[in-house]
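Scroll down for the structure; my scribbles are underneath it.
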Amino acid sequence: MRLTLLTADSELDAAEQVKLWLTGSLNGRGWEQAVPLAVVLALCLSGLIWAGWAARPLGLGDETAAGLGVRVDRTRLALTVLGVVLAATATGAAGPIGFVALTAPQPARRLTRTPHLPLLCSALTGAVVLVAADLAARTLLPPLEIPVGALTALVGGPYPLWLLGRGLKQA
């Protein structure tokens, strides 16, 4: 409600920017948004390297991971905090672009052919999906630019459902 009031009372340009941010867009993003992202990524780099290592035993189940000496609750909390920091930073820069995180890990797992979640490959796959969606959003309907968040929701929403349906058929 407060956001609706803010957009109704603001100037047209400010209301357009708020609307664009709410749907998620890379339009108009420049180095002023890229620099803070790079700083946060650099600060989180050691945590990301650790996360790639720490997530593997958790995939075996809590009891097995604890048997291997992993502090399951602490590891899960640290992974959650790291994920929230990175997601909040990206969302602050481009808005809430949905379904990339649900769509990217599955092709990454198939590309690497590993049983665990390949963190680096998932991140790169997500970046490629986002750039491809942004390119499509800018060029599909030439004078119009579709917000990239709307396009990723349109394509990325049915994809996990398709994966679930495929998994049920195989079971």
Practice item. Report yes if some residue within the range 27-35 is loosely packed, with under 11 Cβ neighbours inside 10 Å, modelled with pLDDT of 75 or more and among the charged types (D, E, K, R); otherwise report no. Key: yes
Review point. Which ones in the range 64-81 are in contact (Cβ under 8 Å) with a residue 24 or more places away in the chain and touching a Leu at 6+ places or on another chain (Cβ under 7 Å)?
Key: none
Exercise for review: Hey, could you check the range 147-162 for residues that are under 11 Å from residue 102 (Cβ atoms) and either basic (Lys, Arg) or touching a helix residue (DSSP H, G or I) at 6+ places or on another chain (Cβ under 6 Å) (or both) and say which is most open to solvent (accessible area, probe 1.4 Å)?
Suggested key: 159
Exercise for review: Collect the residues in the range 50-63 that are open to solvent by 70 Å² or more (accessible area, probe 1.4 Å), over 23 Å from residue 85 (Cα atoms) and either touching a residue at least 12 places away in the same chain (Cβ under 8 Å) or not hydrophobic (A, V, I, L, M, F, W, C) (or both), keeping them in residue-number order.
Suggested key: 62, 63
Check your understanding: List, please: which pairs have Cβ atoms under 8 Å, are six or more places apart or on different chains, and start with a residue in the range 24-38 that is touching a residue at least 24 places away in the same chain (Cβ under 8 Å) and end with one that is of a type in the set (Lys, Arg) and not in a loop (DSSP other than H, G, I, E, B)?
Key -> 27/138
Study note, to complete from the structure: Those residues of the range 147-171 which are part of a helix (DSSP H, G or I), touching a residue at least 40 places away in the same chain (Cβ under 8 Å) and of a type in the set (Gly, Ala, Ser) amount to 149, 150, 153, 156
Check your understanding: Conditions: (1) surrounded by fewer than 14 Cβ atoms within 10 Å (Cβ to Cβ); (2) assigned to a loop (DSSP other than H, G, I, E, B); (3) in contact (Cβ under 8 Å) with a residue 24 or more places away in the chain. Residue 144 meets all but one. Number of the miss?
Key -> (3)
Review point. If you check residue 47 against the conditions, is it part of a loop (DSSP other than H, G, I, E, B) and open to solvent by less than 80 Å² (accessible area, probe 1.4 Å)?
Key: no
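The values are calculated or read from the model by the stated rules, or taken from the named source; none is laboratory data. Everything numeric in this text was worked out from a predicted model, so none of it was measured. So basically every Cβ, Gly included, is an ideal-geometry build from the backbone, and we count neighbours across all protein chains shown. The protein model used for the area step is the full one, side chains on, heavy atoms only, and it has no ligands, DNA or RNA in it. Shrake-Rupley method; radii C 1.70, N 1.55, O 1.52, S 1.80 Å.
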